[in-house]
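To start, the structure itself, in C-alpha cells.
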Amino acid sequence: MVTVSVIITFYNQEKYVDSTMRSVMNQKTNFDFEIIAGDDGSTDGTYGEIKKWIDKYPDRISYYNRSRDDGVTVTGFRASRNRLDLLTHVKGKYFIFLDGDDYFSDENKLQKQVDILEKDENSDCAACSHYIEALYPDGHKLALPVYKLKEGKYDLKSYWAKLYFHTDTTLVRSSVIEKLPADYVINNFNDNLITFLILLQGKIYFLPEKMAIYLQTGDGIWTSKKMIVNHIRNMFMYDMCLELDPESKGLSQVRNAKSWRYLYKHRREIKRDELEPFRKEAEDRNLICSALFLNYKTLRPASKIRLTRRYAGVLLRFVIHKLTGR
C-alpha cells in the first residue's frame, strides 16, 4: 500500500530532472511511496530524462503528459490545471507537490512528516510543513519563511496574515482532495491558495527544519518580474478567499495589502487588451475586485469610487493589524 504520493510537475526542465527525482528516490522510509510525474507538454528533453527514471523504477513512477493544444496559454493557469489533474491519480494516504526544478535536501523528510501526522494528537492537522531554502545562482541560501517559528500547529488565523509555507514542504492528507472546489479554482490552484484551501480543512503542523531547496532560476511565476500580472494573480486569490471563507476577510486584506497598493498605484497602466485571459477569468469567476482593476480604464466614475473605497478599507485594516497584531 502506498503511503505517500509525490507529485512532481515539469515543464521544459530537462537539466533539473535528475536532481529532483534523485532527491525523492533517496528518501529513507519504512513505508512505500510513489512518484507521479506530470509534464505540461515539454518541448525539450524533459521526457527523455524522466523515462530513464521510469525504466529504473517502473513500479514506483507514473507519467502523465498534458497536451498544449487545449487553448490554455497562461503559464499559471496551466500549472494549476496540471496539479489538479495529477491529484486524480493519487494513491497514497498523503501527497506532496514538488516543482520540477526543486528538490528535497533531507533524506528523512517524508518519514519525519508522516510520523508527525500519524500521531493521534495531530489528527486535527491536515498537513505538515517546514522551512525551505531558496537557493540563488551565486550559491547563497535564504530560509523561508524568514520568521523564526516554533514547532507546532498553525491554523488559518495564526497563519494567513503573514506566514508562508512553500508547497514543496507541505505533506497533505489525501482526504483533503475530495473537498477541494476544483471547478472554481481550476486556473488558480497555485502556491498560497493551495495553503489556504488546506487550512480550511485543518491545521498545519510546522517542523522548524530545512528539508527542501527552492531553486531560484528566474523562470517561475513570481521570479519572472511581470509585476502587474503577479499582483493580479494575488488579487484573484483575494477575491476567491473572500468567496470561500468570508470570515477571513480581514486576514486576506492584510495578506494582500501589498498587491492592493501596487495595483491601485498602477491602475491606469493596466492594459485590458494585453491581459484578456485574466479579464475573462475574473469575469467568469465573478472576481469582483480583480475585474475592477482589469477594467479600470472603462469604469464609470461610480465604480472607480467604489474601488477607491475598497482600497481605503484594506489600508485601514492593514494599519490596525500593524498596531494591534490582530
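A single member of G250, G325 is small (G, A, S) and under 28 Å from D183 (Cα atoms), and it is G250.
Provide a single number: the residues in the range 71-94 that are farther than 13 Å from A37 by Cα and not in a helix (DSSP H, G or I). Residues that pass the stated criteria total 8. The set of residues in the range 1-58 that are within 20 Å of the chain's Cα centre (by Cα) and part of a strand (DSSP E or B) comprises V4, S5, V6, I7, I8, T9, F10, I35, I36, A37, G38, D39.
Using the structure shown, decide if E281 is loosely packed, with under 13 Cβ neighbours inside 10 Å and closer than 16 Å to N230 by Cα. Answer is no for this residue.
Just to be sure before I move on: is N230 among the polar types (S, T, N, Q), part of a helix (DSSP H, G or I) and either more than 20 Å from the chain's Cα centre (by Cα) or at pLDDT below 95 (or both) in the structure I sent? For N230, the condition - among the polar types (S, T, N, Q), part of a helix (DSSP H, G or I) and either more than 20 Å from the chain's Cα centre (by Cα) or at pLDDT below 95 (or both) - is met. Residues in the range 311-326 that are surrounded by 11 or more Cβ atoms within 10 Å (Cβ to Cβ) and among the small types (G, A, S): A312, G313. Is it the case that the range 291-310 has a residue that's surrounded by fewer than 16 Cβ atoms within 10 Å (Cβ to Cβ) and aliphatic (A, V, I, L, M)? Yes, the conditions are met somewhere in the range 291-310. In this structure, is D239 free of Cβ contacts under 8 Å to residues at least 40 places away in the same chain and surrounded by 20 or more Cβ atoms within 10 Å (Cβ to Cβ)? Spelling it out, it is not the case that D239 is free of Cβ contacts under 8 Å to residues at least 40 places away in the same chain and surrounded by 20 or more Cβ atoms within 10 Å (Cβ to Cβ).
Does R68 meet the test of being basic (K, R), on the phi < 0 side of the Ramachandran plot and part of a helix (DSSP H, G or I)?
no
Scanning the range 14-38 for residues that are surrounded by 21 or more Cβ atoms within 10 Å (Cβ to Cβ) and more than 25 Å from N108 (Cβ to Cβ) returns a single hit, G38. Scanning the range 98-140 for residues that are over 29 Å from Q216 (Cβ atoms) and without any contact (Cβ under 8 Å) to a residue 24 or more places away in the chain turns up D115, E118, K119, D120, E121, S123.
Among the residues of the range 270-326, those identified as touching a residue at least 60 places away in the same chain (Cβ under 8 Å) and in a helix (DSSP H, G or I) are P277, F278, E281, F293, L294, G313, V314, R317, F318, H321.
The values are calculated or read from the model by the stated rules, or taken from the named source; none is laboratory data. Everything numeric in this text was worked out from a predicted model, so none of it was measured. FYI the Cβ positions are ideal-geometry reconstructions off the backbone, even for glycines, and counts take in every protein chain you see.
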